Every structure is written in structure tokens, then in C-alpha cells.
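Bear in mind these aren't lab numbers, they're just calculated from the coordinates by the rules spelled out. Since this is a predicted model, take the numbers as computed values, not measurements. Positions of Cβ are generated from backbone atoms using ideal geometry, with glycine treated the same way; all protein chains shown enter the neighbour counts.
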Amino acid sequence: MSGAARPIVFLSDFGIANEWVGICHVVMARIAPASRVIDLSHLVRPLDVASAALLLADSLRFTPSDSVVVAVVDPNVGEDREVVVGVESGRMLVGPDNGLLSLAWAADGGVRSAAEIASEDVIVHPIAQSFRARDTLCPAAAHLAAGMPLDRVGPSIDPRSLMTLTIAEPETERGKIRCHVIDFNRFGNVQLNVREEHLAAAGLDAERVLSVEGIAASAVARRGETYADFASGDYGVIFDPRGWLTVVRGNPASAVEGLQVAIGDHVWISAARDAGEAA
């Protein structure tokens, strides 16, 4: 092993009410004591691979360019192969081969090389099949951060065999967008799979008041820049820090409760028929 220690970025759905994150930190510190471990989040919705993949892809540009990223959201823990993906940017992604890493490598220049984690020099024994992050994924990330070359982690694999995720694009037509809920946060803000270019494609980018129609409820929402732009209980739409169109309500109201939506539900965005309602 040679070269300066690389930082490690750690993402999981483990939560913080148990020892799992701490144990993973301990394992990585024993192998790569000079590497800084940065916790991106451990509050991903449990077993929600798509949500975690989006979070990772949206956050990647803020991570150190030489970082080793280890992501653990694994509904089939112990069944999916565990991989390291080297991307064109120079980052290395470590995680289960279930699509979790795929949006990140697509956002980071594509795959340069890949290997399955299999080396006895990397894996910690005895392996707990229900906690492989401790015994395979985090040790692999730490060894890579400390300078281990990819070919020592395990056998190379064809990048074309890696599992990928596809995030559905919204359907746009003149004056209307059919989209869906991709997430909501603890404040009740509803994140939609809509970017600025989708509003423009539908000719809605200049509209200051929009109609937001869910399956069970609808609202008239004024465009804004930040949460403070809306009075208590009023609906609004902003582009959140990750670039997704987000339906919000002035505190202490909740947009997700008012619209009665869940992740995956369809939502229709259009110009409000009576913009004066939200003026």
C-alpha cells in the first residue's frame, strides 16, 4: 500500500439508534487510521434503494474527488454480490450490486473498472451474513482508502454485468406535467421527479402559480425560492438544494399530509386556473 490516505464517505439506512454505524467506523479506523470518514447520511428510508441512489448521485459532486464512497442499503443482504466500482472521475464506489451505485457512477463519468469483493486479505472473519457492511463493504472501503489496488480486492468483473437503476422521467406536454413523488422529508415537503428543464419543456417555467393535483387532493401553489416565502399553511413550490421540484407548505403545515400522497404516487402539475387564489 502506498500514497496518501483517501477520505471515506459513508451512506446507509442503518439509523443512529444502534451501534451499527459506530462499529463500521471502528472497523474502518483499524484498517485506515489516517482516513477521515465522512457520514453523508444514515437516515435513508429503510431498504429504499432508489431513494438512496438518488441521494448519492445528487450529493456526489460535493464529495472529495479522491474519496472512497461506501453505500449500504441492501434489502437482500448476503445475497447480492458486493462490488467496488472505479469511476472515470477517480472516485471509488463500494456497495452491494443492486443498482444502489449506478446513478452515482453515471453522474461521475461512467465506470472505468469493477471488481467483486472476495479477497481473504479484505474480508473480516467470521462473517455475519446479516451485517456484511461490517465484514466486507467497510473493510474493502478502508483498504482502498489506505492504498490497496483494486485488483487485490477481488476478481475483476465486466461493468456491463453490474445492476443499474432507472429513474422514470416525467411526462410533459404543453401546459402539463405528469410526474411522481420520489421522496418526502420530516418537514412534510414533497419531492417530485421534476427538474427545471421539465418545467421549461411544458412551458410552465414562467408561471408564478401552479396547480398541484394528487390522486386524493389538490392545491394551488405559488412559486418561491425558499421556505420562508410562504405564510403558515400556504402551499408553495421551490427547487430544493438537490434540484428537484418540491411542494412545501408554510410552517407548521405539511404538504405530504395535505396532498395525501405517498412515494410513487402520480402528481399532475399545470398552470393554476385562477392565479389570484394564491396571489
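At a 10 Å Cβ-Cβ cut-off, how would you order Ser35, Ser218, fewest neighbours first?
So the ranking, lowest neighbour count to highest, is Ser218, Ser35.
From the square roots a ≥ b ≥ c of the eigenvalues of the alpha-carbon gyration tensor of the range 171-278, which class results: rounded (a/c under 1.5), prolate (a/b over b/c), or oblate?
rounded
Of the listed peptides 60-70, 206-216, what is their order by residue-averaged count of other C-beta atoms within 10 Å, with the highest listed first?
Going by the mean number of other Cβ atoms within 10 Å, highest first, we get 60-70, 206-216.
Which peptide among 191-199, 11-19, 167-175 comes first, and what is the full order, when sorted by highest mean count of other Cβ atoms within 10 Å?
Result, highest mean first: 191-199, 11-19, 167-175.
Determine, from the Cβ-Cβ distance of Ser113 and Leu47 and an R0 of 45 Å, the FRET efficiency 1/(1 + (r/R0)^6), rounded to the nearest 0.05.
Computed FRET efficiency for Ser113 and Leu47 comes out at 0.95.
Name the most mobile residue of Leu245, Leu93, Leu103, meaning the one with the largest mean-square fluctuation, in a Gaussian network model of the chain with Cα contacts below 10 Å.
Among Leu245, Leu93, Leu103, the largest GNM mean-square fluctuation belongs to Leu245.
In what sequence do Asp108, Asp151, Asp48, Asp97 fall when counting other Cβ within 10 Å, fewest first?
Fewest to most other Cβ atoms nearby, the residues stand as Asp151, Asp48, Asp97, Asp108.
Using the count of nearby Cβ atoms within 10 Å as a rough guide to exposure, how do Cys24, Cys179 rank from fewest to most?
So the ranking, lowest neighbour count to highest, is Cys179, Cys24.
For Val37, which sequence-distant residues (separation of 5 or more, or a different chain) have an amide H within less than 5 Å of its own amide H, given hydrogens modelled in the peptide plane?
Amide H to amide H, under 5 Å and 5 or more residues apart or across chains, Val37 pairs with Ile8.
Answer with a single label: of (i) 13.5; (ii) 14.2; (iii) 15.6, which was calculated as mean projected area of the Cα convex hull in nm² from the structure in view?
Among (i) 13.5; (ii) 14.2; (iii) 15.6, the one derived from this structure is (iii).
Quick one: if you stick a label point 7 Å off each Cα along the C-beta vector at Arg242 and Ile263, how many nm between them?
In this crude label model, Arg242 to Ile263 measures out at 1.0 nm.
List the residues of the range 148-188 whose backbone N lies under 16 Å from a point placed 7 Å from the Cα of Asp66 along the Cα-to-Cβ direction.
Only 148-150 pass the distance filter.
With θ taken as phi - 60° and the coefficients 6.51, -1.76 and 1.60, list the Karplus ³J(HN,Hα) couplings across the range 196-212 in order, rounded to whole Hz; mark glycine and proline as x.
Along the range 196-212, the couplings run 4, 5, 6, 4, 5, 4, 8, x, 9, 5, 8, 6, 8, 10, 10, 9, 10 Hz.
Cα gyration tensor of the range 19-131, axes a ≥ b ≥ c as square roots of the eigenvalues: rounded (a/c below 1.5), prolate (a/b > b/c) or oblate?
It comes out rounded by the Cα gyration axes.
Using helices alone, I'd like the mean residue ellipticity at 222 nm for the chain: each DSSP H run of four-plus residues gives -39500 (n - 2.57), total over residue count, nearest 500.
After summing the helix terms and dividing by the residues of the chain, the value is -4500 deg cm²/dmol.
Distance from the Cα centre of the range 1-62 to that of the range 215-251, in angstrom?
First find each Cα centre; the distance between them is then 31 Å.
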